[in-house]
Amino acid sequence: MKILVEKTKEPKKKPSSEGLSFGTVFSDHMFLCDYSPEKGWHNARITPYRALPIPPSNMTIHYGQSIFEGLKAYKTEDKKVNLFRPAENIKRLNASCRRMCIPEIDEKFGVEAIKALVDIDRDWIPEEYGTSLYIRPFIFAADPYIGVRPSETYLFVIITGPVGAYYKEGINPVKIFVETKYVRAVVGGLGESKASANYAASLKAQVEAKEKGYTQVLWLDGIEKKYVEEVGTMNVFFVIGDEVVTPALTGSILPGITRKSSIELLKSWGYKVSERRITIDEVFEAHDKGMLKEVFGTGTAAVISPVGELNLDGKVITINNGEIGPVSKRLYDTITGIQYGRIPDKFGWIEQI
Ligand code: COI
């Protein structure tokens, strides 16, 4: 499909790389593509970043038929632009489409659309190590209708913006509250999709955890509230003795791309990695026995985020003296090294623009 391009006549001022936060500044252009049952996906275009005309009857507003993705573009020292495993994001977008009754997009076309948009706004990619251009593809229902059924029309949009660290802590360990009152998802629900609704479901717990001084919550399974699931903005890993454990993808956990890459790297380094069910009690018992060496999260926005403290119903444990541990550090250095082109890409994860 051809992508029509309308360039902005009023380029915005770009922020400096220093002190960039996450998700507040957006680049000059956006990508749009429409879906109708008659034409399929059509009318692909890049336009100046601007507000979308949405009628109050738009189905997404009422019933939340909306999904998204997140990936990043990195500027290398020789000014090349690297994308990290973009086809994986489009594959996962399509998995979310299937669960949410949204028509899938062609995988190659999805990657092409990302590349075309990033190429037009390549000057928006900040250059400092640790900063990047965050890319947010999303699809939402476009029918003006308030009966409950899947929409017939959709809009596929991509926006981008320069970002720094997702957590204000940066690479320093975050404090996480283990959530035992609210649940995020159950098997058979939306948990493994990147559905906007999952994030809406997480807000109440996040607000209450923040009030107690915690950065995020660690979700447990929605039925027994016993098994560890994920953090919502990242998947979670535990280094227990010489085993690296991460919860298995049982159907209610997001299949993270940084999660998958971390598992591949750890295995290539000879670590014993187990994707299995793990109870929160096992984590706390491992700590009591001195076996819990590290806890960290993985995600596109979060990269590798060490966890320095866990609070389970008032029992607080400090992990690795609240410092980043060797496994988290090696993963962080290697993944970011590959992303910024400082370490050879042995796995073929990078696509250059
Ligand atoms: C990402 O890591 O890209 C995410 O989508 C998490 C988040 C900021 C919602």
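The values are calculated or read from the model by the stated rules, or taken from the named source; none is laboratory data. Predicted model only: the values in this text are computed from it and were never measured. Cβ coordinates were reconstructed from backbone atoms using ideal geometry, including for glycine residues, and neighbour counts include every protein chain displayed. Remember, those area values only see protein heavy atoms, side chains included, never the ligands or the DNA or RNA. Shrake-Rupley method; radii C 1.70, N 1.55, O 1.52, S 1.80 Å.
Quick notes
- At an R0 of 41 angstrom, the distance between the Cβ atoms of Y129 and L203 translates into a FRET efficiency of 0.80.
- With 0.36 nm allotted per residue and the present C-alpha distance subtracted, the D313-K13 stretch has 103.3 nm of extension available.
- Whole-Å distance, taken between Cα centres, linking the stretch 47-87 and the stretch 205-281: 26
- Applying a threshold of 27 Å to the alpha-carbon distances of K12/K260; K108/K267; K168/K329 flags K12/K260; K108/K267 as lying beyond it.
- Taken per residue, the accessible surface of the stretch 174-339 reaches 38 Å², heavy atoms only and a 1.4 Å probe.
- Volume per residue of the C-alpha convex hull in the stretch 174-339, rounded to whole Å³: 102
- Here the label points at V5 and Y49, each 7 Å from Cα along the C-beta direction, are separated by 1.8 nm in the simple model.
- Selected from T215, T24, T334 as most flexible by GNM, with the chain as the system and alpha-carbon contacts under 10 Å: T24
- Rolling a 1.4 Å probe across the protein heavy atoms gives the stretch 4-164 an accessible surface of 46 Å² per residue.
- Tensor-based shape of the stretch 1-65 (alpha-carbon gyration tensor, a/c under 1.5 rounded, otherwise prolate or oblate): oblate
- GluC sites (Glu not before Pro) lying in DSSP loop within the stretch 163-233, provided at most 15 other Cβ fall within 10 Å: E169, E224
- The apolar share of the surface of the chain, taken as the fraction of accessible area on carbon and sulfur atoms (1.4 Å probe, ligands and nucleic acids excluded), comes to 53 percent.
- Approximating the spin labels as points 7 Å out from Cα along Cα→Cβ, the E211-to-D119 distance works out to 5.1 nm.
- Taking a ≥ b ≥ c as the square roots of the eigenvalues of the Cα gyration tensor, the stretch 4-164 is classed as prolate, since a/c reaches at least 1.5 and a/b is larger than b/c.
- For the chain, the share of alpha carbon pairs falling in successive 10 Å distance bins from zero is 5, 24, 33, 26, 11, 2, 0 percent.
- Reachable aspartates and glutamates, given that their alpha-carbon falls under 19 Å from the alpha-carbon of K2 and they are not under 8 places away in the same chain: D34, E38, E104, D106, E107, E112, D119, D121
- Residues of type lysines that K226 reaches as a straight line, Cα spacing below 18 Å, ignoring anything fewer than 8 places off in the same chain: K181, K315
- Placing pseudo-labels 7 Å out from each Cα toward the beta carbon at A87 and R330 gives an inter-label distance of 2.9 nm.
- The residues I61, I223, sorted by heavy-atom accessible surface at 1.4 Å with ligands and nucleic acids left out, run I223, I61 from largest to smallest.
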